[in-house]
Structures are given as C-alpha cells and as structure tokens.
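This report refers to the structure that appears directly beneath it.
The values are calculated or read from the model by the stated rules, or taken from the named source; none is laboratory data. In this text the structure is predicted, and so the values were computed from the model without any measurement. As a convention, Cβ positions derive from the backbone with ideal geometry for all residues, glycine included, and neighbour counts pool all protein chains shown. Protein only, heavy atoms only, side chains kept; ligands, DNA and RNA dropped before computing areas. Shrake-Rupley method; radii C 1.70, N 1.55, O 1.52, S 1.80 Å.
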Amino acid sequence: GAGVSQSPSNKVTEKGKDVELRCDPISGHTALYWYRQSLGQGLEFLIYFQGNSAPDKSGLPSDRFSAERTGGSVSTLTIQRTQQEDSAVYLCASSLEQGYNSPLHFGNGTRLTVT
Amino acid sequence: GDSVTQMEGPVTLSEEAFLTINCTYTATGYPSLFWYVQYPGEGLQLLLKATKADDKGSNKGFEATYRKETTSFHLEKGSVQVSDSAVYFCALLWASNTGKLIFGQGTTLQVKP
C-alpha cells in the first residue's frame, strides 16, 4: 500500500517568503509527526498530531512555524518569513496509534533551501 | 532533558567486517529504545526495537541489547554487506502516551566491496 507522501520533494525559496509543506499520512493512521533534519544534526521533533489536535507543539522553533491537520489526514506545515537557518529536510511520519507499539512510518521528506 | 548520543561517522568498513555503532542515552526512567535506518534516497524505517532492560532487538542480521546499567543500546552486525550502507539513527521513546521519539544525530555507514 501507499506510504507517507510528502510534497514538494524539493523547495527553493527566497528569504522572507512563506512556504507550505504537505504531508499525506498512511490511510487510517491517527498519529502524525513533523521532524526537521538539518545538516550534521539529528532529527529534531517539531509537532505531533493525534487526529486533528496537536497535544505537543513543543518543538516548533518560533512563532513563524505553524501546522494544521484536517480530516484526521493531510497535514500542512507552514513557515512564514523564511530565514536561511530554516534550510533543512522536513520529515513527516505517521503511526497507527500513539505509543511504542506503533512504529513511525516516515516519508521521504521535503528539502527546503532558503536563499 | 532526555537525549541520545551516537558515535560520529562516517564509519567505513569492508564487506563482511564486524559492525558496532555506539549509542548511549540520558533519560529519567526506562524508555523504549529504537534503531532506525535511512537508505540512500529513501525515508527512515524502523530497524529494531527493545522496550525493557536486557531485551535484545534483532532484524536483518542486526542486533542491539538494551543495557540499563550502561544506558546503552549499541547496534551490531557480524558481517556487513554493501547494501547495509545507510545512515543509522538511535532513538528513545519516553512519553509513550505521545509516541514522540528523540533521535540521535545519526551515523553514516559506508561498506566497500
């Protein structure tokens, strides 16, 4: 079956512009996560959704970052007024339910480059 | 706060060599531990996991044992193949009510024929 789909796969934007990154989780997966992978860094947690609610937004680096999820399915991560330090690979993952018995399934990511 | 530390890469080995990638963690209590792998051009995928002390996770010839006394979860494989070349991430899950994983920085493995 289809895995986690992210679009676009690559995005180049000018500093100061807004960008939207999309994630289509695996059908039926209730939990959805956004992570950021910067060069030389590990995976940095950004936000977690259970259904359409975001009980944990603790990883969002600033108020320029926001995310929403609709219909318990598609999620959009929005970065406003992008900065060069926002350049990274943004990864989305979903799982059937929350907890350690439900492994995370990752998409291939969106590579964001801010010039 | 909770954290995961992995050995720095890249690790370069010849085919059929023995592999160890070190991973240690800091957490209050006893988290579940995971290894994820990212093959070139692909998304991260779960390699193996262990949910309590002394558990051994294994998959595709890889093994890791949850060592509470040393707070470690080192990844091992007896004989690596070129196809094992990838980036390996150690991770912990403490707050099981959210499923939020905390990852290490990743270790790149290059296996040469």
Can you tell me which residue in the stretch B:60-81 is modelled with the highest pLDDT, limited to those that are open to solvent by 60 Å² or more (accessible area, probe 1.4 Å) and under 10 Å from B:LEU48 (Cβ atoms)?
B:GLU63
Any pair with Cβ under 9 angstrom, 6 or more apart, that starts in the stretch B:92-113 at a residue that is at pLDDT below 70 and ends at one that is basic (Lys, Arg)
B:TRP94/B:LYS100
With the structure loaded, tell me whether B:ALA53 is open to solvent by less than 40 Å² (accessible area, probe 1.4 Å), of a type in the set (A, V, I, L, M, F, W, C), more than 10 Å from chain A (Cβ to nearest Cβ) and not in a strand (DSSP E or B) or whether it fails that test.
yes
Filter the stretch B:17-38 down to residues that are within 11 Å of another protein chain (Cβ to nearest Cβ) and closer than 14 Å to B:THR108 by Cβ and give me whichever is nearest to the chain's Cα centre (by Cα).
B:TYR36
Scope the stretch A:45-63; condition at the interface with chain B (Cβ under 10 Å from one of its Cβ atoms), free of Cβ contacts under 8 Å to residues at least 24 places away in the same chain and open to solvent by 30 Å² or more (accessible area, probe 1.4 Å); matching residues:
A:PRO55, A:SER58
Please find, within the stretch B:29-50, the residue that is farthest from A:ASN108 (Cα to Cα) out of those that are assigned to a loop (DSSP other than H, G, I, E, B) and open to solvent by 60 Å² or more (accessible area, probe 1.4 Å).
B:TYR30
Restricting attention to the stretch A:75-106, which residues are more than 11 Å from A:LEU32 (Cα to Cα), within 14 Å of chain B (Cβ to nearest Cβ) and among the small types (Gly, Ala, Ser)?
A:ALA88, A:GLY99, A:SER102
